[in-house]
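Working notes for the structure below.
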Amino acid sequence: MARLGIAFGSGWLSLLTLLFTCSKAYHVFWETDDYIYDMHLIRRRRPRGSIKADKIDYYDFPFVTQCYLELQLTNDNTPYGVLDYLLFGIRPIYHLFGKSTRNTHGTICSEMMNYDLKTCGYTTPWALTAEPPSPADFDKWLKSKTLRPVWMR
């Protein structure tokens, strides 16, 4: 079983994140008993405890398994969405005109999580081809479902 982790920051970078997304959530990742799986330039696996954040909320998703995450390391060659990430900075401008932020077909961490959840049988509010969710979107969605973190660090 994997836990979805949402990392929250502090300092001036988290203030920028808060300004653009109304949340200090800046990264989402999977954590198992042994490893962390997240999106960097490509999918990666790191030792558990590698995420340095002021606060991390964890949510259990039993159908996402370590076996699935290991398989994705070799099967998913999608590059990181640098342009997608940068477009989050102007997301409010797009929304002022009733438009969705463009998806440049790279993958950011929260977009990877959305794909993994859907592949493993969960329903999320985001289509795979639509505007990618942000870590802040995941935080708001999980809290709106009245899910409480199973563990916080």
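The values are calculated or read from the model by the stated rules, or taken from the named source; none is laboratory data. Computed from a predicted structure; not experimentally measured. Using ideal geometry, Cβ is built from the backbone for each residue, glycine included, and neighbour counts are taken over all protein chains shown.
Tabulated values for the structure
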read-out: Which listed residue, of 49, 5, 11, is at pLDDT 95 or above and small (Gly, Ala, Ser); value: 5
read-out: Residue 71 exposed (fewer than 14 other Cβ atoms within 10 Å of the Cβ) and closer than 20 Å to residue 137 by Cβ; value: no
read-out: Residue list for the range 56-86, filter: modelled with pLDDT of 65 or more and in contact with a Pro (Cβ under 7 Å, 6 or more places away or on another chain); value: 57, 58, 59
read-out: Residue match in the range 87-101 (condition: more than 15 Å from the chain's Cα centre (by Cα) and at pLDDT 75 or above); value: no
read-out: Residue within the range 13-23 that is in a strand (DSSP E or B) and out of contact with any Gly (no Cβ under 6 Å at 6 or more places or on another chain) present; value: no
